[in-house]
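The values are calculated or read from the model by the stated rules, or taken from the named source; none is laboratory data. Note that the structure is predicted; figures quoted are calculated from it, not measured. FYI the Cβ positions are ideal-geometry reconstructions off the backbone, even for glycines, and counts take in every protein chain you see.
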Amino acid sequence: MRLGQRRVFIIPTRAGLLFALALVVMQLGAINYTLSLGHALVFLLAGLGITGMVHTFRNLYGLVITPGRCAPVFAGETAHFQISLGNDRAAPRLALELEGEPGKAVTTALDARASATIAIPVAARQRGWLELPRVRLASRYPLGLFVAWSYLQPAMRCLVYPQPIASPLPAQSPTPTGGEHSGDAGREDFAGFRERQPADSPRHVAWKASAREAGERPLLIKQFAGGAQVELQLDWQLTDPTLPLEAQLSQMAGWVLAAQGEGCSYGLRLPGHSIPPGNGAAQQHRCLEALALFQP
């Protein structure tokens, strides 16, 4: 989208109105005392003000706006909508302000024949799709006597995941995948320790390492790299039914992050929707997206 004359509006600022009032008073004094130099000074300042008005308008006129993308965020965080500003003019554009929400203005400048990508911050207060609100692009350059602005509202939206609640994985019998046998343990590489979760089997506890902590920390579980993964099924039925809907979704979002952090192969079951087990960033996004868009 290119800003034309019909999309750019301009009015005097408070400083511009005071400047005009001062010119009127000076002109009246010059007339009353027949001061030719006073007339010249008033006309010179008025000419500077009009020139500043033209430059303020031209600072926005012809600007090219291109919508970008917005990465998913969790509820309670801030979404950043990417908008690209292009300047195909041989002069820079300075002191550009973009404001998506009151009090969250972003200031930038463009060099001659250059472009820049600006992130518009918008608070993500609830899960689901977050539409980009109307963005106000304004400029008071160069003198601050006039403000020119234009409203932008490209078709952009951001996916907001439920706010995760840190909770242990649900207690269930994990199903080993990948053909794990007792003889395969020698081919696994020790990767470290982690705190025990309720779903972990007691035979995986590192008793010697836990004893060294003298009971100051929870039991530790040995982690191995290169072995079989554990398959978990994160089912809606495993959540606390006494919790509100949003709290249940937040609990399941915490399970997804916990399972992903432990390297498990996990699936998701919601009423009317099921995701087969998997792992990786794509699996995490599919599960969190299903939680974000879930409607009972």
Quiz item: Mind checking which residues of segment 245-293 are of a type in the set (S, T, N, Q) and either part of a loop (DSSP other than H, G, I, E, B) or without any contact (Cβ under 8 Å) to a residue 40 or more places away in the chain (or both)?
Solution: 248, 260, 274, 279, 283, 284
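Filter segment 66-96 down to residues that are under 30 Å from residue 288 (Cβ atoms) and among the hydrophobic types (A, V, I, L, M, F, W, C) and give me whichever is farthest from the chain's Cα centre (by Cα). Working first, answer last.
To start, the set of residues in segment 66-96 that are under 30 Å from residue 288 (Cβ atoms) comprises 66-84.
Filter again for among the hydrophobic types (A, V, I, L, M, F, W, C), leaving 70-71, 73-75, 79, 81, 83.
Numbers: 70: 7, 71: 6, 73: 6, 74: 9, 75: 10, 79: 2, 81: 6, 83: 12 Å.
In this case the residue turns out to be 83.
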Practice problem: Report yes if some residue within segment 48-66 is loosely packed, with under 14 Cβ neighbours inside 10 Å, more than 30 Å from residue 125 (Cα to Cα) and not aliphatic (A, V, I, L, M); otherwise report no. | Solution: yes
Exercise. Please give the number of the condition residue 24 fails out of (1) loosely packed, with under 15 Cβ neighbours inside 10 Å; (2) of a type in the set (Val, Ile, Thr); (3) within 30 Å of residue 284 (Cα to Cα).
Key: (3)
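Would a scan of segment 263-280 turn up a residue that is modelled with pLDDT under 70 and touching a strand residue (DSSP E or B) at 6+ places or on another chain (Cβ under 7 Å)? I'd like the intermediate steps shown before the answer.
Of the residues in segment 263-280, the ones modelled with pLDDT under 70 are none.
Among the residues of segment 263-280, not one is modelled with pLDDT under 70 and touching a strand residue (DSSP E or B) at 6+ places or on another chain (Cβ under 7 Å), which makes the answer no.
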Practice problem: Give 128, 103 a once-over and let me know the one that is farther than 27 Å from residue 253 by Cα, assigned by TED's automatic domain parsing to the domain that holds residue 2 and surrounded by fewer than 19 Cβ atoms within 10 Å (Cβ to Cβ). | Solution: 103
